[in-house]
Amino acid sequence: MIWPTMRRILLALVFVFAAGPLAAYTIYLKDGGTLLAREKYKVQGTMALVILPSGAQTQLPLAQIDVARTQAGNASDFGSATILTGAAPTPTPPPAPPKRASLTDIAAARRLQSSRTPPVTRATPPPSAAPSRPAAGDEGTTPAGYVDFLRTARSPMLNLSLTNTVSELMGTHGVSRSGIYQGSQSRRLLIEVPANSEGAVFQAIGAAAQSLLELQAKQPGTIDAFELFLVTDKRQRGGQFLITAERAQELVGKQLDLTAFYLKYVEF
């Protein structure tokens, strides 16, 4: 009979469209590589905003995307959905809420952005936001050219009152273990915090941002920035950051959440 046949086709189409949002979207790059995304990228000026399958966001220059091949490769818009022609499928439970991106996902996205983004000319940043650069004779830098705090020697702070104040502020915000040292510049402090989990990393970032703003409110002009270095008990990197007042305010003022802050400011 015609009606049962039509009914099966309609039910199959409903299933396909319902499955559509979960389908992967493949972005083809002009250098021959591909990037798997949760959905089609969004264009913002000359950049393409990409949501990775994990939910993390990254961006890359639009000029690096093979637009024609990407459109052709995703022309069906069904992704990995399967079109059924038989009886209606057994209803499936609703998908789980999107998983929050792990630091591994975030770091991978940042490395992808760094490796594929061509160098651009930028205005010279103010001294407080300039990257940490080693003086002649220092022990080395990271691949991106920042001071490598995993290998540099630690110089104790001579101002014990300031050291105690910063340690107390960090403790107030949940970080009880921290080493306070002289930073790479005279008006910076290096804060080393043990961090063996993603939660500990995020807590240390938030504590450093809050502590810097409170210190500058209590003692204006004393310190320009914190250099935050996170390390595991096995001396493996958890990330390093330059925390300026402007960046701290982005986090405290909720312009950025912790995940976005990590992605934007982690130093490789």
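The values are calculated or read from the model by the stated rules, or taken from the named source; none is laboratory data. This is a predicted model, so every value here is computed, not measured. Reconstructed Cβ throughout: ideal geometry from the backbone, glycine too, with neighbour counts over all protein chains shown.
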Discussion item. Looking only at the range 219-239, how many residues end up being farther than 23 Å from Ala144 by Cβ and either touching a Leu at 6+ places or on another chain (Cβ under 9 Å) or of a type in the set (Phe, Trp, Tyr) (or both)?
Written reply: 3
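To keep it simple, each residue is scored yes or no on (1) in contact with an Asp or Glu (Cβ under 8 Å, 6 or more places away or on another chain); (2) closer than 17 Å to Val252 by Cβ; (3) at pLDDT 95 or above.
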site	(1), (2), (3)
Pro156	no, no, no
Asn159	no, no, no
Leu169	yes, yes, yes
Ser178	yes, no, no
Asn196	yes, no, no
Ala209	no, yes, yes
Leu213	no, yes, yes
Gly221	no, no, no
Worksheet, complete the sentence: For Ile243, the lone unmet condition from (1) at pLDDT below 95; (2) under 19 Å from Thr152 (Cβ atoms); (3) under 17 Å from the mean Cα position of the chain (by Cα) is (1)
Response to the item:
Over the range 191-236, the set of residues over 22 Å from the mean Cα position of the chain (by Cα) and over 16 Å from Val166 (Cα atoms) is Asp233, Lys234
